[in-house]
Amino acid sequence: QKKLYRSRSNRYLGGVCGGLADFFGLDATIIRIIWVAAVLLAGSGILFYIICWILIPEEPYYSIS
């Protein structure tokens, strides 16, 4: 089962976009472009990013599986 984490390796700010990209199997650049579009068009993207940064846990250094 996949878990959603903020990425430690694929990050610019908080790793939210990198984590979402890993979770959905997409390129992080696509997620970032969508996020920038949400910020520019609706303005709510910034608030949503901050909420995700707080709520999504950071990727563990190692995984026990």
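Taken together, the values in this text are just the output of simple stated rules run on the coordinates, not laboratory data. Predicted model, so just to flag it, every value in this text is computed and none were measured. With ideal geometry, Cβ positions are generated from the backbone for all residues, glycine too; neighbour counts draw on all protein chains shown.
Counting every Cα pair in the chain, what percent are over 19 Å apart? Value for the chain: 29 percent of Cα pairs lie more than 19 Å apart. For the chain, trypsin sites (Lys or Arg not before Pro) are listed when DSSP marks them as loop and at most 13 other Cβ atoms sit within 10 Å of their Cβ; the list is 2, 3, 8.
Against the chain, whose longest principal axis comes from its Cα atoms, helix 28-41 is set at around 30 degrees. Highest mean packing first, where packing is the average number of other Cβ atoms within 10 Å per residue, the peptides 17-27, 34-44, 48-58 line up as 17-27, 48-58, 34-44.
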